[in-house]
Amino acid sequence: MAASEDNSLDTLTFEMLVDISKKYTNISKHKRVLAPVVTSTISLYVNGLRLNEDEGEVFVVTEFFESLTRQGRIPMYTCSCGIFGCGGFYIDVLYKKETVIWGTEQATFTKYIFTRDNIVCVAEGLINKLVELHQLLQEHELQTFHDIEAYKEKLARFLNPVNNQLS
């Protein structure tokens, strides 16, 4: 049940699953090698229920951290193919003095109200898990792809509400 229905605040949490496997890859026309593969998925939960109703919708970490720097429509979920227009949805982000409001329209319009501390806790937790993922990728000599320093900078901007327009 969303906060707007029962006048209490919602709780945002996340789960990050990491899988390590090996896969044969071609390094030339006639040679293959067994190479490590690391995959990860992040799911957001509101009040213990998964935020995205469709398993084919993928949480976009960079957009979550972008939502810490500006209000408005954020394409926080995309289709598993990577094309937002194919699937996915926006989160409408609004800052208040003590809370952050997320509005989303999937089957019906739903409004969630989180404390700013809850958003900070999730952001810090994500950063910590992404640092672990970054280290794991490096250990397996795989390319890293999250700009953790940029995420930390966006979190720092969120923590300084002078830079954020409050409603």
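The values are calculated or read from the model by the stated rules, or taken from the named source; none is laboratory data. Values in this document were obtained by computation on a predicted structure and should not be read as measured data. In this analysis, Cβ positions are derived from the backbone assuming ideal geometry, glycine residues included, and neighbour counts consider all displayed protein chains.
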Q | Residues within segment 126-145 that are modelled with pLDDT under 95 and either at positive phi or in contact with a helix residue (DSSP H, G or I) (Cβ under 6 Å, 6 or more places away or on another chain) (or both), tallied | A | 2
**Q.** Pairs with Cβ under 8 Å, 6+ apart, first in segment 129-140 and under 17 Å from V61 (Cα atoms) and without any contact (Cβ under 8 Å) to a residue 40 or more places away in the chain, second part of a helix (DSSP H, G or I) and among the β-branched types (V, I, T)
**A.** V131/I148; H134/I148
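Only one of E105, E63, E98 is under 25 Å from F158 (Cα atoms), within 11 Å of the chain's Cα centre (by Cα) and of a type in the set (D, E). Can you tell me which? Break it down into steps so the answer makes sense when it comes.
On the way: E105 fails: within 11 Å of the chain's Cα centre (by Cα); E98 fails: within 11 Å of the chain's Cα centre (by Cα).
Going through E105, E63, E98 in turn, the sole match is E63.
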(Q) Looking at segment 33-52, can you tell me whether even one residue there is more than 12 Å from the chain's Cα centre (by Cα), touching a residue at least 60 places away in the same chain (Cβ under 8 Å) and buried (at least 18 other Cβ atoms within 10 Å of the Cβ)? (A) yes
